[in-house]
Amino acid sequence: MQKILLKHNDIDFKSKEAYKTLRTNIEFSGENLKVIFLTSCAPNDGKSTVAYELAKTYAENGMKTLLIDADLRKSVMRGRVRKVMDGSVLCGLTNYLVGQVSYDEIVCESDLPDLSLIFAGPVPPNPSELLGNSKFTSMIEGLRGLYDIILIDTPPIGSVIDAAVVSKSCDGGILVIGCGMISYRFARKMKEQLERTGCKIIGCVLNKVNMNGKGYYGKYYKNYYGNYYGRYYGDNSGNDSRT
């Protein structure tokens, strides 16, 4: 098992609370939700960021968490690593699925307690076939007994079928939607496409909401967090505004 140092970018109070709320909502979505995949309707919806920050939230809550990067086509998760402790080249999911390395060689233990990661690895010529083979399914089944929660980052369902393939090994899925980036009709079509695989859709995450007060969502969140939480935790600048 390799040890890595992650890039810990600070996010604002509202974002931290949003991820905690998402974690709580998942926990109240039913029993036996241990393996959850995240996908999006289109590229650049921010699903990988949501998966990463959600995984950190679970780990910070004391749950043994594993984040698997199954976006074998265009992974960005490797950019979260600041340093590999022993200086070696990180092996990933692709290396394991083609039989080059063992499972122990692809799991990375991070400097954040209770958070481990499996990166995507080299881009293969057949991502869907690799994710759909029995070795991936067996790996997920074996991991269930080792972790409290397993999150799997998958490619956009609107672009390729990989998320639907991965969903067969999962207990539920989350659809990440970039605010104002796609139509309601397209989002609904993607949801229906996932449901046809028999996957349980836990819910959707509306991402990239403009929080500066302009528009419906910005005004709603600004009023909600500003008027309620602001009294207890301070303003957005981090200065305590309690009176």
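What follows is calculated from the coordinates using simple rules that are stated; it is not laboratory data. What you see is a predicted model, and the numbers here were worked out from it, not measured in a lab. Backbone-built Cβ (ideal geometry, glycine too); neighbour counts: all protein chains shown.
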Of Ile26, Ile36, Ile11, the only residue that is among the β-branched types (Val, Ile, Thr) and farther than 30 Å from Glu195 by Cα is Ile11
The helices (runs of 4 or more DSSP H) lying entirely within the range 3-118 that contain at least 2 residues which are among the basic types (Lys, Arg) and under 16 Å from the mean Cα position of the chain (by Cα) are 13-27, 47-60
Only one of Lys34, Lys47 is of a type in the set (Lys, Arg) and surrounded by 20 or more Cβ atoms within 10 Å (Cβ to Cβ), namely Lys47
Quick count over the range 57-108, residues being among the polar types (S, T, N, Q), under 19 Å from Lys34 (Cα atoms) and touching a strand residue (DSSP E or B) at 6+ places or on another chain (Cβ under 8 Å), is 1
